[in-house]
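Each reported figure results from applying straightforward, stated rules to the coordinates on display, with no laboratory input. Keep in mind the model is a prediction, meaning the values are calculated, not measured. Please note: Cβ atoms are built from the backbone with ideal geometry, for glycine as well, and neighbour counts cover all protein chains shown.
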Amino acid sequence: MSNSPEQVRGYRIYEKNDKVSTHWSVYVPAVSGQTSYSYTLNGIDSTKAYNFVIKAVGTRSNSLSAEAGMH
């Protein structure tokens, strides 16, 4: 969405392999003037590898995804 005139309303995070739980996702709302965000997910299994996907969410569309792995 960096090339889009659409304003970012928030960020959608999900685990692409449903390892947290089936269809788990969280929405983090954008805050005016805030430049960094974090989210803490408690209760996950430290022996599993997770692949989280983050997308910026606008009014009508989502950005391309960015992935972050945790092993």
Selection within segment 27-61 - among the β-branched types (Val, Ile, Thr) and more than 10 Å from Arg12 (Cα to Cα): Val31, Thr35, Thr40, Ile44, Thr47, Thr59
For segment 17-71, which residues satisfy the criterion of being among the charged types (D, E, K, R), part of a loop (DSSP other than H, G, I, E, B) and either surrounded by 12 or more Cβ atoms within 10 Å (Cβ to Cβ) or in contact with a Ser or Thr (Cβ under 6 Å, 6 or more places away or on another chain) (or both)? Lys19, Lys48
